[in-house]
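Student: For reference, the structure I am asking about is given below.
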Amino acid sequence: MTRTVTTRPTTRLTRVRGTAAVLAAGALLLTGCGTSGEDDGTTAGPAAASRTATPTPTPTPVALLTCDDLVDSSAVATTLTFADGKAPKVVEALQPDLQMDPYLITEAGGLGCSYRNGPEPTQPDYVEDGAAYVGVEVLPGAGDYFVEDAGDTDEPVDPSVDVAGVQSVSTCGPLGCLVAGVVGDSWVRVWMHTSGWEQDFSPYEGMPDREKTVLGGLQAIASRAYGALAEAPAEAYAWRARGEATPVTCKDLSAAVGKKAETWGYGKPLDKDAPAGPEDAKSFDQVLWMLMDGTTCRWKDGYDEDFVSVVPGAASLVERLATSPDEDVLYRPTTISGADQAIRYCRQDYCETFFSAGGDAYQTSSKSLAKKLAATAS
């Protein structure tokens, strides 16, 4: 672990002896000097002291850890090598999603790094056939919220695999495979997501011991990330402080829209078991949502219903989605009066819109609600 040491200033004392004339000439430079005269006018006295202070060194700022520090690129390439054995064409890319919570790692004070091999996406809720993503996510201060399933498997899995000295989850499920553990106070996840992993049409299909091979690659990636975090001072992964934005409630949104909304529980509708806070969360994405005080509201009119999700203080998310690889090919810029920035994904007669206003991030499929909320939030 690297530590920055501040050196205590030192003082060097120089003794100067001389005549009264010398002392007088040096009076402009020297302080604290005294003389003692005899009756015959001669001068004899203590030494004149000259104090020269050594400047206090300026501490060298601790550099923040980056994806290059945390991620072993060769292990990523190995993990993204498919059953055909061809050398992967690995690119940095953010796996698309139709929900806000998976994107909140940056706004929640963490770091996310992700990579793709295979064709770029054509829709945000599905990994393209023949493609796979590998991701590394670190969320400082979330170690106490760690849950074993981490949202990637059907059943909880004991963190019983030793990876670089860290007891870790190492398992595969519907979305792909996962290695996760806690380093210090940080929750660390390393995952591979693909389509058809359990339906036998993923690009890994036909690979001997595919689960063992993929998990071995993820463990190698996790080992590098674990080690970098363990050796670094806390300042090195203080990527961003979570803001203290005022939570937005469905009552607030109802007032803005002019129609009462109901809170939509996390997961299934109005889930009575929905977590009250991150300590009750059942997945990594839920922890992100709870830490950021995310809220989802529903307006229902007969068989019609509209939803709005809002995350206070997360306006930067919209700009990030607009410029991140693989997001920028799906979400197109759009204009909403009152919004600072807006992007939209449309297919047939359906559109999903992300926009920022008043420092907050919003998501909705309703054009009318987006206009009303942007106008009142700006």
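Throughout, read-outs are computed from the coordinates displayed, never taken from laboratory work. Computed from a predicted structure; not experimentally measured. When we count neighbours, we look across all protein chains shown, and the Cβ atoms used for this are built from the backbone with ideal geometry, even at glycine.
Student: Take the range 67-237, drop everything but the C-alpha atoms, weight them equally and run the Debye formula without solvent; then report log10 I(q)/I(0) at 0.08, 0.14 Å⁻¹ to two decimals.
Tutor: One equal scatterer on each Cα of the range 67-237 leads to -0.21, -0.68.
Student: If you average 1/r over all unlike Cα pairs in the range 250-377 and invert the result, what Kirkwood radius do you get in angstrom? Mind dumping the intermediate values first?
Tutor: On the way: mean 1/r = 0.0656 Å⁻¹.
Hydrodynamic radius (Kirkwood, Cα only) of the range 250-377 equals 15.3 Å.
Student: If you take the beta carbon distance between Lys89 and Glu235 as r and set R0 to 30 Å, what does 1/(1 + (r/R0)^6) give as a FRET efficiency, to the nearest 0.05? Kindly include the intermediate steps, with their values, before the conclusion.
Tutor: Details: r = 36 Å, r/R0 = 1.20.
Efficiency, from the Cβ-Cβ distance: 0.25.
Student: For Trp187, enumerate residues with amide H under 5 Å from its amide H, sequence gap 5+ or separate chain, H modeled in the peptide plane.
Tutor: Residues meeting the amide H criterion: Leu139, Gly141, Ala142, Gly143.
Student: Give the lysines reachable from Lys212 as a straight Cα distance under 30 Å; neighbours fewer than 8 places away on the same chain don't count.
Tutor: Filter leaves Lys86, Lys89, Lys282.
Student: Can I ask one more? Check Ala93: other-chain or 5+ apart residues with amide H under 5 Å from its amide H, H built from backbone geometry?
Tutor: For Ala93, whose amide H was placed from the backbone, the distant partners under 5 Å are Ser114, Tyr115, Arg116.
Student: Work out the length of the dipole vector of the range 67-237 about its Cα centre, built from +1 on the beta-carbon of each Lys and Arg and -1 on the beta-carbon of each Asp and Glu, and round it to the nearest 20 debye.
Tutor: 560 debye
Student: Along the range 219-226, what does the Karplus equation 6.51 cos²θ - 1.76 cosθ + 1.60 (θ = phi - 60°) give for ³J(HN,Hα), rounded to whole Hz, x for Gly and Pro?
Tutor: Karplus values, whole Hz, x for Gly and Pro: 5, 5, 5, 4, 4, 5, 5, 4.
Student: Hey, with R₀ at 25 Å, roughly what FRET efficiency would Lys251 and Asp349 work out to, going by the Cβ-Cβ distance, to 0.05?
Tutor: Computed FRET efficiency for Lys251 and Asp349: 0.20.
Student: DSSP loop (so not H, G, I, E, B), at most 14 other Cβ within 10 Å: list which chymotrypsin sites (Phe, Trp or Tyr not before Pro) in the range 279-378 pass both filters.
Tutor: Values: sites: Phe284, Trp289, Trp299, Tyr303, Phe307, Tyr331, Tyr345, Tyr350, Phe354, Phe355, Tyr362; in loops: Tyr303, Tyr331.
Qualifying residues, ordered by number: Tyr303.
Student: While we're here: So how much slack lies between Gln123 and Ala375, counting 0.36 nm per residue of separation and subtracting their Cα-Cα distance, in nm?
Tutor: Numbers: separation 252, 0.36 × 252 = 90.72 nm, distance 2.91 nm.
Full extension from Gln123 to Ala375 adds 87.8 nm.
Student: Further question on the same structure: Calculate the dipole size of the range 250-377 relative to its Cα centre from +1 charges on Lys and Arg beta carbons and -1 charges on Asp and Glu beta carbons; express the result in debye to the nearest 20. Walk me through the numbers before you get to the answer.
Tutor: Working: 15 positive and 20 negative charges, 90 e Å.
Using Cβ point charges on Lys, Arg, Asp and Glu, the range 250-377 gives about 440 debye.
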